[in-house]
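Following: one structure in structure tokens, then a few remarks.
The values are calculated or read from the model by the stated rules, or taken from the named source; none is laboratory data. Not measured: the values here are computed from a predicted model. Cβ coordinates were reconstructed from backbone atoms using ideal geometry, including for glycine residues, and neighbour counts include every protein chain displayed. Accessible surface is based on the protein model in full, side chains and every heavy atom, while ligands, DNA and RNA are left aside. Shrake-Rupley method; radii C 1.70, N 1.55, O 1.52, S 1.80 Å.
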Amino acid sequence: MQYLLKSFALYAGIKTKSLTRFMEQGYIFIYCLISTSAGSYIMSQGPYGYFNTKYLWIDYPHFLMSPSLKHYYLIQFAFWLQQITVLLLKIEKPRKDFVEMAAHHIITCLLIGGSYLFNFTRMGNTVFVTMDFTDIWLSFAKCLKYLELPSIITDMMFVIFMITWIYTRHYLYGLIIWTTYAESCLPENNKCIWDPLNGYWLTWWSKYIILFGLVLLQILMVYWFSLILRVAWRVVTGKNAEDTRSDIEDDDDNIIVNPEECKYTKNK
């Protein structure tokens, strides 16, 4: 942020009040681009690549992890622990959806930690990829907005972001919810027994604990998608893709909607 993004922002003439926001979004863009690439590569090395969902459960428990998967998982966990710390300590200004954001981060950390401890890392890998891919386009669109490019460019980028959101966070993530319900305890996939000492945590009843967390996260995604549709309507009616929510930040920092993160957007 300090040595690359700040230098670029100053060279590009970004306003002082938008400088920190641009640096934050640039960091998110770089992080998600790397994490999505790494996660996709790790997926491709296993039988569950390209969302071959039955292999999320075949031969469970998957307690043996490659070094790359272990590093990837721990770095992702660290990232989200950092996010929840920033939010709950109010290091950055809260938005009206503070409660939803807090719920999102807590659920995410519980799912990451639980999947790591209970040998569901294949599923965790797929969830990471579905979430991070969308954030690439969102943060990139916001960076373009801070660069004060023509509205047609930022609006087109918002449309791309909206398409990726629907595909990854509702369709692909919906597949993960479906496979947890329908395929996780099939006899041909695994033993589905309770034997924690040997790594077996998946049973007919424990799968509903996993489903509970996944569905809660999807409910939040649906809520934020309703906000995305409001922005889409603004685009259709000839307005810019700007956030219609309100917070306590300065009016100079109006920016494309961020349906997940309370720290980057503001009301017109």
* **Å² per residue, accessible surface of region 3-237 at 1.4 Å** => 50
* Assigned charges on the beta-carbon of Lys, Arg, Asp, Glu; the chain dipole about Cα centre (debye) -> 140
* Asked: So, by mean Cβ neighbours within 10 angstrom, what's the order for 150-161, 178-189 with the highest one leading?
  -> 150-161, 178-189
* Structure fact -> Here region 45-52 yields Karplus 3J(HN,Hα) values (6.51, -1.76, 1.60; θ = phi - 60°; whole Hz; Gly and Pro given as x) of 7, x, x, 8, x, 6, 6, 7
* Mean shadow area of region 35-89 over all directions, Cα convex hull, nm² -> 4.7
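Highest mean first, how do 117-124, 84-91 rank when packing is the count of other Cβ atoms within 10 Å averaged over residues?
Ranking the peptides 117-124, 84-91 by packing returns 117-124, 84-91.
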* So what are the three principal axis dimensions of region 1-152 from its Cα atoms, in whole Å, longest to shortest? -> 55, 31, 30
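Cα-Cα over 18 Å: which of Lys15/Lys145; Lys6/Lys93; Lys54/Lys191; Lys6/Lys142; Lys17/Lys145; Lys90/Lys142?
Too far apart for the 18 Å limit: Lys6/Lys93; Lys90/Lys142.
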* Asked: Got a sec? What order do Phe98, Phe63 fall in by accessible area at 1.4 Å, biggest, i.e. largest, first?
  -> Phe63, Phe98
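Using only helices, what value at 222 nm comes out for the chain when you add -39,500 (n - 2.57) per DSSP H run of length 4 or more and divide by the total residues, to the nearest 500 deg cm²/dmol?
Rounded to the nearest 500, the figure is -20500 deg cm²/dmol.
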* What does the chain give for Rg and for Dmax, in Å, if only its C-alpha atoms count? -> 19.6, 61
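Once you keep just the Cα pairs under 8 angstrom separated by 6 or more residues, what percentage relative contact order results for the chain?
On the way: 326 pairs, mean separation 62.6, N = 268.
Answer for the chain is 23 percent.
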